[in-house]
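Any read-out appearing in this document is the output of simple, stated calculations on the displayed coordinates, not a laboratory observation. The shown structure was predicted, so the numbers you read here are calculated from the model rather than taken from an experiment. Glycine also receives a Cβ, built like all others from the backbone with ideal geometry; neighbour counts cover every protein chain displayed.
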Amino acid sequence: MIGITTVDVKPFEGQKPGTSGLRKRVKEWQQEHYTENFVQAVLDGGLGDKKVGSTVVVGGDGRFLCVEAVNAIIKISAANGIGHLIVGQNGFFSTPAVSGIIRAGFQGKPIDGGIILTASHNPGGPKGDFGIKFNCENGGPAPDSVTDRIYKIASYLTSYRICNDLQCNVAQTGQYTFDVDGFGKFVVDVVDPCSAYVDLMRSIFDFDKIKALLHGEILGRPFRVLLDSMHGATGPYVSSILADILKCDPVDLLRTLPKVDFGGCHPDPNLTYAKSLVDQLGQGQHDIGAAFDGDGDRNMILGKNAFFVTPSDSLAVIADNIQCIPYFRSKKVTGFARSMPTAAAVDLVAKAKGVDIFETPTGWKYFGNLMDAGRMVLCGEESFGTGSDHIREKDGVWAFLAWLQIVAERKMGVEELVKAHWAKYGRNVFTRYDYENVEAGGANLLMTFLEAQMLGFKGKEMSANGVTYKVDTADNFEYRDPVDGSLTSKQGLRIVFTDGSRFVLRLSGTGSAGATIRLYVDSYVAPSDQSKLLLPAQELLRPLVLIALEVSKMEQFTGRREPTVIT
Ligand code: G16
């Protein structure tokens, strides 16, 4: 019989989940009782009345502190009467894999939620970030109502419960059973983190057709891939699907070994942090490339010669070709969705197909209700997130396989597909400027200053580089969830011009120190506007960017002349 200890604690300040879970510097998590407190709050706030006897999935992206946190979660779960944990071997799971397992259930038994250990695309290692987030029984990130409850509990917590003597060998798959004082049987199943996810992908895509594409049977020449897992969670899934099943050459699968510090890299798949992939693709030896983030939910798609596909375009191309993916052939495509800062390319596809389109706040959690209600099946965000209702998280490997499937069906390369899309629908040119780690006071002032001025913007003309735009509307985006009626406000300052061009400013909710300001700019070029259709995005959007920087007084408030990252 394993005993339970109640540990008296004082609550910590600031255990408030952001866009997707609580993300903090490793040092903060290493304070005595910090992790245990938050885990107790997650179990109480996330599972509520269902806590005793519940079944929960646990795992993370392999970053520094994951194994320690998994062991703490096992001991605290036992002491809280959780009945059954499904834990990835070595505490490892990608975020999409956890979502998939929650939805599929385990050996016929429903699962009540999941705890994912990740700070996603933030760097790892002792000096990096760690994070914990809770996913609900639908497999999706907890909505605001649940994270608010977790935060409230964390803020008042006076003790947590733990089975200090319980030892579970998470390095070895198998079933472990314990007898916990007062609760009785507590079961931990340590499972292979890949197999269920690989089976799910096999059920969605036509692997034989993709294999035929890769090995030259469709285009009359091999279609060569180059993938960068950035030492994050996709590595084992990529090795299993792309190398073992689809027989890609392992030399084309880069950084597939998960590392606690991501090998020192910043595991964010964008043009800045995945530059080595961009450079290698630029040599013209490969036909498609992709990079994935730390926990495997983000993706960046590139074509031959490093042709960059913006996430907004990637979503729109997948939407337009949705019937190429076997999974969608047998289901009703009811609608698509995108986050507000994402350029509206997919809206045009929705209109052409006569299906609904939804514009949500930033954060995958806002898509869940729409999917659960059957109102949309495919969605994406400019922050390199693309996914469908097969799970309730964005899914990097899924997005890459979707592209391969579309290429195999349409028999066209990546750049050809995107340019054909622009010729049909026009081009929603997009760029994002990130000002990372700026001083929080200055960032907040910038937002307050801009919002106060916006009241007088309507009808005002703004010019830069000889181009003038007239403001149509200016607001702080708010979203009324069409399914449950909940209202989410203050989701980003939008200045929209009469020609539909716009810029948006919002503060990131995923950073761990200081503040990150994101400036999103987009504009539409009609298919008939041949002179502009193929121009570089930065050239097309320059006047709008200059206007946004001037109006927001970016340099004055942040002291930054240049952004950290341009996408
Ligand atoms: C998380 C959410 C995404 C969201 C992104 C934006 O991504 O899951 O839905 O788009 O944050 O973050 P920010 O608030 O920094 O703009 P991830 O990949 O970090 O889990």
Self-check item: Charge-dipole axis of segment 1-70 as Lys and Arg at +1 and Asp and Glu at -1 on Cβ define it, positive-most pick from GLY45, VAL58, GLY18
Solution: GLY18
Self-check item: aspartates and glutamates whose Cα lies under 14 Å from that of LYS353, excluding same-chain neighbours fewer than 8 positions away
Solution: ASP320
Quiz item: Quick one: what Rg and Dmax do you get for segment 459-503 from the alpha carbons, in Å?
Solution: 14.1, 46
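Per-residue counts of other Cβ atoms within 10 Å, averaged by peptide: what ranking do you get for 301-312, 27-38, highest first? Intermediate results must be reported in sequence, preceding the final value.
Working: 301-312: 22.2, 27-38: 18.0.
Highest mean packing first, the order is 301-312, 27-38.
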Quiz item: Any idea what the relative contact order of segment 63-178 is, in percent, if you count C-alpha pairs under 8 Å spaced at least 6 apart?
Solution: 34
Exercise. Could you list the residues of segment 368-389 with an amide nitrogen less than 12 Å from a label point located 7 Å from the Cα of LYS332 in the Cα-to-C-beta direction?
Key: 374-376
Quiz prompt | Spacing of the two label points (7 Å from each Cα toward its C-beta) at ASP529 and GLN175, in nm | solution = 6.3
Quiz item: What ratio of Cα Rg to 2.2 N^0.38 Å holds for segment 398-507?
Solution: 1.46
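May I have the convex hull volume per residue, in Å³, for the Cα set of segment 160-237?
Values: hull volume 12.5 nm³, N = 78.
Here the figure is 161 Å³ per residue.
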Quiz prompt | Relative contact order, percent, the chain [alpha-carbon distance under 8 Å, six or more residues apart] | solution = 13
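How big is D for the chain, in µm² s⁻¹ as a whole number, if Stokes-Einstein is applied with the Kirkwood radius of its Cα pairs at 37 °C and 0.692 mPa s?
On the way: Rh = 24.2 Å.
In µm²/s, the coefficient rounds to 136.
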Quiz item: Whole-Hz Karplus ³J(HN,Hα) for segment 509-517, in order, using 6.51 cos²θ - 1.76 cosθ + 1.60 and θ = phi - 60°, x for Gly and Pro?
Solution: x, 10, x, 10, 8, x, 9, 10, 9
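Report the Rg/Rh value for segment 272-403, based on alpha-carbon coordinates and the Kirkwood definition of Rh. Could the numbers behind the result be given before it?
Numbers: Rg = 14.5 Å, Rh = 14.9 Å.
Dividing the radius of gyration by the Kirkwood radius yields 0.97.
As an exercise, take the mean of 1/r over every pair of distinct alpha carbons in segment 325-448, invert it, and state the Kirkwood radius in angstroms.
Radius from the Kirkwood sum: 16.2 Å.
Given C-alpha coordinates of segment 174-299, what is the ratio Rg to Rh with the Kirkwood estimate of Rh? Walk me through the intermediate numbers first.
Numbers: Rg = 18.4 Å, Rh = 16.4 Å.
Ratio of gyration radius to Kirkwood radius: 1.12.
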Quiz item: Which percent of Cα pairs goes in each bin when the distances of segment 454-559 are cut into 5 angstrom slices starting at zero?
Solution: 2, 10, 17, 21, 18, 14, 10, 5, 1, 0
Self-check item: GLY18 long-range amide H proximity, modeled H, under 5 Å
Solution: ARG23
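If you take all C-alpha pairs in segment 72-143, what percent of them are over 14 Å apart?
So the pairs more than 14 Å apart make up 64 percent of the total in segment 72-143.
Would you tally the net charge around PHE93, using a Cβ to Cβ cut-off of less than 14 Å, leaving PHE93 out, and scoring K and R as +1, D and E as -1? If you can, show how the numbers build up before the last one.
Values: positive: ARG63, ARG103, LYS133; negative: ASP61, ASP189, ASP192, ASP295, ASP297, GLU393, ASP395.
The answer is -4.
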Self-check item: Value of Rg/Rh across segment 284-348 [Cα atoms, Kirkwood radius]
Solution: 1.01
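Rounded, prolate or oblate for segment 111-204? Axes are the square roots of the Cα gyration tensor eigenvalues, ordered a ≥ b ≥ c, and the cut-off for rounded is a/c under 1.5.
Values: a/c = 1.44, a/b = 1.03, b/c = 1.40.
Rounded, because the longest to shortest axis ratio a/c is under 1.5.
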Quiz item: When ranked by the protection proxy of mean other Cβ atoms within 10 Å per residue, highest first, what sequence do the peptides 495-506, 146-157 form?
Solution: 495-506, 146-157
Self-check item: ³J(HN,Hα) computed for each position of segment 81-98 - Karplus, 6.51 cos²θ - 1.76 cosθ + 1.60, integer Hz, glycine/proline x
Solution: x, 4, x, 8, 10, 10, 10, x, 4, 6, x, 9, 7, 6, 4, x, 5, 4
Quiz item: What does the convex hull of the alpha-carbon atoms of segment 1-142 project to on average, in nm²?
Solution: 8.4
Quiz item: Could you give the dipole magnitude of the chain about its Cα centre, charging the beta-carbon of Lys and Arg +1 and that of Asp and Glu -1, in debye to the nearest 20?
Solution: 720
Quiz prompt | Three principal axis lengths of segment 384-427 [C-alpha, angstrom, descending] | solution = 32, 22, 15
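If contacts are Cα pairs under 8 angstrom and at least 6 residues apart, what is the relative contact order of segment 455-567 in percent? All intermediate terms of the calculation are to be shown ahead of the outcome.
Working: 145 pairs, mean separation 19.5, N = 113.
Once normalised by length, the contact order is 17 percent.
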Practice problem: Sort largest first and round to whole Å: the equivalent ellipsoid semi-axes of segment 11-84, each the square root of five times a Cα gyration tensor eigenvalue. | Solution: 20, 14, 12
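Any chance you could run the full-extension gain for THR6 through SER486? It's 0.36 nm times the residue separation minus the Cα-Cα distance, nm to one decimal. Intermediate results must be reported in sequence, preceding the final value.
Values: separation 480, 0.36 × 480 = 172.80 nm, distance 3.69 nm.
The span from THR6 to SER486 would gain 169.1 nm if fully extended.
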Practice problem: Provide the per-residue ³J(HN,Hα) series for segment 345-356, in order, calculated from phi with Karplus coefficients 6.51, -1.76, 1.60 and θ = phi - 60°, each as a whole number of Hz, with x at glycine and proline positions. | Solution: 4, 5, 4, 5, 5, 4, 4, 5, 8, x, 10, 6
Quiz prompt | Among beta bridges that DSSP assigns inside the chain, antiparallel share in %, nearest 5 | solution = 70
Quiz item: In whole Å, what are the Cα extents of segment 213-278 along the three principal axes, biggest one first?
Solution: 40, 24, 14
Quiz item: Compactness ratio of segment 500-560: Cα Rg over 2.2 N^0.38 Å, N = residue count?
Solution: 1.38
Quiz item: So how do 129-135, 352-358, 105-111, 91-97 stack up, highest first, on mean other-Cβ count within 10 Å?
Solution: 91-97, 129-135, 352-358, 105-111
